[in-house]
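Notes for the one structure printed next.
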Amino acid sequence: MIGLAITMAMIQQPLLPVPSPRQLAWHEMEYYAFVHFGPNTFTGVEWGEGREDPKLFNPTSLDCEQWVRTFKEAGMSGVIITAKHHDGFCLWPSKYSNHTVAHSSYRGDVLRELSEACKRHGLKMGVYLSPWDRNHPTYGTPEYNLVFAGMLEEVLTQYGEIFEVWFDGANGEGPNGKRQEYDWDLFVVTVRKHQPNAVIFSDAGPDVRWVGNENGFAAPTNWATIDRKRYVPGTPLYRELTEGTEGAPDWIPAECDVSIRPGWFYHADQDTKVKTVRELMDIWYGSIGQNAALLLNVPPDRRGHIHEIDAARLLEFRKERDRHFGNDLMQHSVGAFELKDGKTETFKVGDSVTVKFDKEVTFNRIRLREAIPFGQRVKRFEVWADVGGSMVKIGEGTTIGYSRILKLPRTSSSFVEVRILDTIQGTALISEMSLYDAPGD
């Protein structure tokens, strides 16, 4: 990729809202693993009832090292684990519950083992904690909010740096038949106190939002902004989250969560239903290619291993991405913009980002990035190329944001330009542009 730059004097004032430092760090992660693991792995269900005997949890050869090595080789930047799912089972020995690994056949501390493996291999670690608890006797009472905050404190203070705390909005009945009124303010304060650099995910943020589906796809028009006041965890307005809202007051970008299998937990009868490389590539273009992050679930099996089929598919997926994006043709351009320490080219509506090559290059993909520390501005753009001496439109799109990848017809040209057609504030700040020749089309 190549930076597009001019003097700092021409840099515009930020268009609010803009991402916080922790959100900027999260944007750069792009692609990381989700791990659903717990009693459901051994009972064959997706939502446990909370009445399962904790001794059912018995991985025969738990190997968090193998998880992390696999994820790192697959090009992932981190892993988020279901520290507590709806059944209330805790993968760490919590003092607030009897439904934990301490009472299981395993008796280890899964979070400890995963944390140490992540540190050894340089991956970041995140945690999923469902506030719904189908086991805890205080669920459905004000006391439970303090219990859940205590569980959060345990997880956030014992396992090192946490990059994301993932909150599910599910809210069903507990063992006493009651539903809980969650104290979200308390939960957020607890995270901010103990892990101030962690982003918090839920339908409503406050840092990262659900994309509104579990298919792995954002919308082709995808704003990183929403109006938080419209949404709560578990919101019925979730379809709005797929596109976000132009000009909204809160920077809460989308994360695409999807499983490599039909289910979220491992089930042996799904070994033949692992997503193909083609399906995973489509998800890549629909998530990272459309201004979202990709959280890909890869569930460990009953041994406590990433299954051989899943591991092999992840590595095949990595090789295919390298084939698509391993050679940025912009590295071979002439008369392109000079990189100047993070400065960014400013374009008005009607302006163009132009790139020249000393000879024709063949390409069929373009990746663009806005300088999001200054906000998200582009509403519409087109891609043109000189083909046989005439300028031809070869692609068009709406939003860009952190990352936009367009599939283009395979084109040979020595001159390419991106025309900025519409923006929020009359200017666009484009930070990066890349061209690739992906195989197969």
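What follows draws every value from the coordinates through simple rules; no lab data is involved. These numbers were taken from a predicted model, which means no experiment stands behind them. Neighbour counts run over all protein chains shown; Cβ positions are idealised from the backbone, glycine included.
So here's what we get for this one:
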read-out	value
Rounded to 5, percent antiparallel among DSSP beta bridges of the chain	60
D (Stokes-Einstein, µm²/s), Kirkwood Cα radius, the chain, 0.890 mPa s at 25 °C	107
Length-normalised contact order of the chain in % [C-alpha pairs under 8 Å, at least 6 apart]	19
Built amide H within the under 5 Å cut-off of Ser259, gap 5+	Asn297
Cα-based Rg and Dmax for region 63-154, where Dmax is the largest Cα-Cα distance (Å)	14.4, 45
Label point distance in nm, Glu316-Asp358, each placed 7 Å from Cα along Cα→Cβ	4.1
Local electrostatic count, Arg367, Cβ distance below 10 Å [Lys/Arg +1, Asp/Glu -1]	+1
With eigenvalues of the C-alpha gyration tensor scaled by 5 and rooted, region 262-313, Å	23, 12, 9
Percent RCO, i.e. relative contact order, over region 204-336, from Cα pairs under 8 Å lying at least 6 residues apart	26
